[in-house]
Amino acid sequence: MSTMIETESLRFAYPADEGGEPVFALRGVDLEIEKGSFVVVLGHNGSGKSTLAKTFNGVLLPAGGKVYVEGMDTLDEKLLLAIRQRVGMVFQNPDNQIVANVVEEDVAFAPENLGVPTEEIRRRVDDALRAVGMYEFVTHAPHLLSGGQKQRIAIAGVIAMEPDCIVLDEATAMLDPIGRQEVLSTVHKLNREKGITVILITHHMNEAEAADRVIVMDDGKVAMDGTPREVFVRVEDLRAMGLTTPDTVDLLDRLKKDGLDVPLDALTVEACADAIAKAVAGD
Amino acid sequence: MEPILEIKNLTHTYGIGTPFQRSAVEDMSFSVDAGEFLGIIGHTGSGKSTLIQHLNGLLKPTNGQVLLNGKDIWAEPKKIRDVRFRVGLVFQYPEYQLFEETVYKDIAFGPANQGKTGDELDRCIREAARLVGIRDDQLDKSPFELSGGQKRRVALAGVLAMEPEVLILDEPTAGLDPAGRENLMANIRDYHRNKNKTIILVSHSMDEIAQNVDRILVLKSAHVLMSGAPAEVFARADELITAGLDVPQVTRIAMALKARGVEIDPAVYTVEALERELLALRKGGAVC
Amino acid sequence: MLKDITLGQYFPGTTVAHKLDPRTKILLVVLYITALFCAKSLVTYGVMALCLAVCVYISKVSIKALVRGLKPVLFIIIFTGILNLFFTSGDRYLVEWGFLRISDTGLRNAVFMVLRIMLLIMGTFLMTYTTSPISLTDGLEQLLNGLKRFHVPVHELAMMMSIALRFIPTLIEETDKIMSAQRARGADFESGNLVQRAKALIPILVPLFISAFRRADELATAMECRCYHGGEGRTKLRVLQYERRDYIALALGVAVTVGVIVLRRFGI
């Protein structure tokens, strides 16, 4: 598979307060994200996960090292528009990324900026709204929708650019459980059906269960990188980084310490119950 | 125990006489005991926000009553401000209401409105700051220099400093990371334990509710769907799921185990309890 | 209280009034205002009121919504009415009561001024009710396009306007929330003298401004991420195109305005 985004010893610092030292949010990140993959980036607040996300489409530019989007260097100003069209970004607060007063006009915003011909914009808007299951709201006013619906409109607004990758920068943090589920199933569907690369930044561990790959950020560096199973079995390490493990793993971990023969990598409720039932019966 | 708050047949209807007329709270009745830690759970739109704004008199019931220590809070409408000092309400994302130059002054806003002055005011401010883990040297800082989690603590202190008899928290941990959530809830638990004050916690997170409260009130489309101790409520997990609500992950594991023939009480809701149950099962050897 | 402000509120619909080109509607409102200021008799005011009534009927906008729009300016309307009523000197006084005198011209002026303001506001509101703010700004942008040659930042102004309109409901909601939160801390907005009341606003205005700046910052980033780079090379989802109904509407508008001006010359 080819590479969607690649970072090379990426460093980034936020400007210092007067007289202070600049604060490094990223201190040497090397990553390669494959096209078509579903990647979850976890980390506590201040771990650098959100900063990392913002370097993926040139909202923030590297202070050291490089970020390549499909081989394009984000430091090259001439390529910036092309990069942003390839990598769409959805942010935390749904209210602060909706530009227009009518759903369809908001979704049309990006293609309008890209100079897409009018008939083509129409098609893209309709397709994008269908892809996120919001077509029936095409002429609605966005401020009357629920949080989850607003985020799906924001996702549609990004899809309308026909990007290869969507980055969700804590896009589920302000939503209730239903809204969160709406957004998650929408991006999973886009990943599955359209082959769009998804990079989901979150601190909700259970959002990582169905990912292809989990990256854990800590102190501006990649602390763990692997499949959800590989990452979540490292219960102690995760706790040390201020993260929790799913209750399934926590329970299995405790039972294992109590001497039961259970695997640690049964992440879902069903798999966990299967493992425990088997261990208890075989005892 | 004496009820501190009694809600009797409370109804609140928005937009009366317009095509948008709808009741956000309909004929709700329940009471809250003094010193109780009550959890309220329900979807967005279940009436939670409307309900809690009645408990401190920000909203006036369309019908029904709210009694505080046996007295209707609207008996003397001119004194409704006193009710707001006695029933402290911390809104969702309260850090967005900070406005003063220093943390100290911002915490002082509520108690000063209450009429506190001098040493008493100073004591309330410092104690509230201590309760939420704000250090003395942070009191002279601008609240806008603090991190998101600390700002939220300052906002919480601003309500605690009024020394309310009842504290209502609307989604106090929304948007915080796991460590931040756990720290804040630990502060709230300590406050409850040490001060023995009544707390009402509103949350979307079944896990958070399950781990902290004495009793759960489940709301669904403007009505009370269930009320009881966590074990009682989660014993009816099927109903919760049918109502589109979450149950704690641990309860779901226990239910799945039960379905696989493991003799276990599916109403457990903490990892520790389920671990204990499973170990007891092993010792007893009661496996089928 | 804040919910009474309906400025910039759009009620979607499919009537002819909704479908007209926004440029047509802006031009019609300009014509309407011109005519309104030329009207000076019961007949011409009647004609204007009739025009508005017909437009309201066609648009299916509820009269209630239009009247609600008058609420925030009620004070100005009453004030203007009273000023004109009592402080216009005339040939004949209908009522004399101490220093308060109502002249025939005063009564006439008062009635006409109040009518004029009400018609003016309801007419403009009808436009904003039937035109989405974005197409309204689109229309303005197109109408003023010629000014670009004189380095007037037409696109930027239009963009600013549409964003301002988009955020009005959000900010109103936010103000309500902040007010409730401060009330829960014992803030009192209803009592005290003018200075005390002004001071009571600080706990609302400071958080509101901070939040507005934060929103502006986040929105700017979100717009950049969606490839916004100014008006250059931008296309539109909806291209404005005059159709037959626009020409008919404009012709009618011009006819009424000319008619009113002609009547005025004849002293009607």
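Between helix B:271-284 and chain B, what is the angle of the helix's C-alpha long axis to the longest principal axis, kept within 0 to 90° and rounded to the nearest 10? Helix B:271-284 sits at roughly 30 degrees to that axis. For the stretch A:107-219, dividing the convex hull volume of the Cα atoms by the residue count gives 120 Å³ per residue.
By definition, a body whose alpha carbon gyration tensor gives a ≥ b ≥ c is oblate when a/c is 1.5 or more and a/b is not larger than b/c, and the stretch C:88-208 fits this oblate description. Look at the stretch C:213-225: the mean tally of other chain Cβ atoms within 10 Å of its residues' Cβ atoms is 6.
Find the sum over both chains of the accessible area lost when C and B are paired, probe 1.4 Å, and report it in Å² to the nearest 100.
Details: alone 17540 and 14160 Å², together 30120 Å².
Summing both chains' loss of accessible area gives about 1600 Å².
Using the 1.4 Å probe convention, the accessible area of chain C works out to 56 Å² per residue with neighbouring protein chains retained. Taking amide H as placed 1.01 Å from N in the peptide plane, the amide H of A:LEU60 sits under 5 Å from that of A:THR55, each at least 5 places away or on another chain.
How much accessible area per residue does the stretch A:179-283 have, counting only protein heavy atoms and a probe of 1.4 Å, in square angstrom? Please list the in-between numbers first.
Details: 4260 Å² over 105 residues.
Normalised by residue count, the accessible surface of the stretch A:179-283 is 41 Å².
Inter-chain neighbour count for B:105-114: the average number of beta-carbon atoms from partner chains within 10 Å of each residue's beta-carbon is 3. Considering the options C:SER211, C:LEU157, C:ILE82, tell which one lies farthest towards the positive end of the dipole of chain C, charges being +1 on Lys and Arg and -1 on Asp and Glu at the Cβ, about the Cα centre. Of C:SER211, C:LEU157, C:ILE82, it is C:ILE82. Return the residues of the stretch B:46-68 for which accessible area with all protein chains present is lower than in the chain on its own by 20 Å² or more; set the probe to 1.4 Å and exclude ligands, DNA and RNA. Those are B:LEU58, which lose 20 Å² or more relative to the chain on its own.
If Lys and Arg each add +1 and Asp and Glu each add -1, what is the summed charge of the other residues whose beta carbon sits under 13 Å from the beta carbon of C:LEU28?
Values: positive: C:ARG23, C:LYS25, C:ARG245; negative: C:ASP21, C:ASP246.
It works out to a net charge of +1.
Between C:ASP104 and B:LYS60, how high is the FRET efficiency from 1/(1 + (r/R0)^6) when r is the Cβ-Cβ distance and R₀ = 45 Å? Nearest 0.05.
My answer for the efficiency is 0.40.
Computed packing ranks the peptides C:238-247, A:262-271, A:124-133 as A:124-133, A:262-271, C:238-247, most packed first, by mean other Cβ atoms within 10 Å.
Summed over both chains, the contact between A and C buries some 3100 Å² of accessible surface at a probe radius of 1.4 Å.
The overall shape of chain B, judged from the alpha-carbon gyration tensor, is oblate: a/c is not under 1.5, and a/b is no greater than b/c.
With +1 on the Cβ of every Lys and Arg and -1 on the Cβ of every Asp and Glu, and nothing else charged, how large is the dipole of the stretch A:59-195 about its Cα centre, in debye rounded to the nearest 20?
On the way: 14 positive and 21 negative charges, 59 e Å.
Charge dipole, the stretch A:59-195, about its Cα centre: 280 debye, nearest 20.
In the protein assembly as shown, the calculated helix contribution to ellipticity at 222 nm averages -15000 deg cm²/dmol per residue, counting -39,500 (n - 2.57) for every DSSP H run with n ≥ 4.
Here chain A yields Rg over Rh of 1.01, to two decimals, using C-alpha coordinates and the Kirkwood radius. The dipole here belongs to the stretch A:3-245: it is taken about the Cα centre, uses +1 on the Cβ of Lys and Arg and -1 on the Cβ of Asp and Glu, and is about 320 debye. Residues in the stretch B:157-166 carry Karplus couplings, in order, of 4, x, 8, 4, 5, 7, 6, x, 6, 10 Hz; the curve used is 6.51 cos²θ - 1.76 cosθ + 1.60 with θ = phi - 60°, and Gly or Pro positions show x. Comparing Cα centroids, the stretch A:231-283 and the stretch C:143-183 end up 53 angstrom apart.
Leaving out ligands, DNA and RNA, what percent of the accessible area of chain C is carbon and sulfur, probe 1.4 Å? The partial results should precede the final answer.
On the way: 10440 of 15070 Å².
Ligands and nucleic acids excluded, carbon and sulfur reach 69 percent.
Counting only protein heavy atoms and a 1.4 Å probe, the stretch B:75-185 has 40 square angstrom of accessible area per residue. When only alpha carbons are used to place a centre, the stretch A:22-70 and the stretch B:177-235 end up 36 Å from one another.
Could you report the buried accessible area between B and A, both sides summed, computed with a 1.4 Å probe and given in Å² to the nearest 100? It comes to approximately 2700 Å² buried between B and A.
Between the listed residues B:GLN138, B:ALA235, A:VAL107, the Cα displaced farthest toward the positive end of the dipole of the protein assembly as shown, a dipole computed from Cβ unit charges relative to the Cα centre, is found at A:VAL107.
What number do you get for the protein assembly as shown when its Cα radius of gyration is normalised by 2.2 N^0.38 Å, N = residues? Before the final figure, lay out each step's value.
On the way: Rg = 30.9 Å, N = 839, 2.2 N^0.38 = 28.4 Å.
Ratio of Rg to 2.2 N^0.38 Å for the protein assembly as shown: 1.09.
The Cα trace of chain C gives Rg and Dmax of 22.8, 69 Å, the first to one decimal, the second as a whole number. Shown in residue order for the stretch B:33-47 are the 3J(HN,Hα) couplings computed by the Karplus curve 6.51 cos²θ - 1.76 cosθ + 1.60 at θ = phi - 60°: 7, 4, x, 7, 10, 9, x, 10, 10, x, 5, 4, x, 7, x Hz (x for Gly and Pro).
Applied to the stretch B:101-110, the Karplus parametrisation 6.51 cos²θ - 1.76 cosθ + 1.60 on θ = phi - 60° returns per-residue 3J(HN,Hα) values of 6, 10, 4, 4, 5, 5, 5, 5, 3, x Hz, with x for Gly and Pro. The charge dipole of the protein assembly as shown, taken about the Cα centre with unit charges on the Cβ atoms of Lys, Arg (+1) and Asp, Glu (-1), comes to about 3740 debye, rounded to the nearest 20.
The packing ranking, built from the mean of other Cβ atoms within 10 Å per residue, places the peptides A:110-119, C:126-135 in the order C:126-135, A:110-119, highest first. One decimal place: the segment C:ARG244-C:SER62 gains 62.9 nm when fully extended, by the rule 0.36 nm per residue minus the C-alpha distance.
Amide H contacts of A:LEU200: A:VAL39, A:VAL40, A:VAL41, A:LEU168, each under 5 Å away and 5 or more positions distant or on a separate chain (H built 1.01 Å from N in the peptide plane; Pro and chain starts excluded).
Here the accessible area is traced with a 1.4 Å probe on the protein chains. For the stretch A:3-245, carbon and sulfur cover 47 percent of it. Rounded, prolate or oblate: which fits the stretch C:73-117 when a ≥ b ≥ c are the square roots of the eigenvalues of the alpha-carbon gyration tensor, with rounded for a/c under 1.5 and prolate only if a/b beats b/c? It is oblate, given that a/c is not under 1.5 and a/b is not larger than b/c.
To the nearest whole number, what is the average tally of beta carbon atoms from other chains within 10 Å of the beta carbons of peptide B:265-278?
What the average comes to for B:265-278 is 3.
The values are calculated or read from the model by the stated rules, or taken from the named source; none is laboratory data. Since this is a predicted model, take the numbers as computed values, not measurements. Cβ: placed from backbone, ideal geometry, glycine included. Neighbour counts: every protein chain shown. Keep in mind that these areas ignore ligands, DNA and RNA; they rest on the heavy atoms of the full protein, side chains included. Shrake-Rupley method; radii C 1.70, N 1.55, O 1.52, S 1.80 Å.
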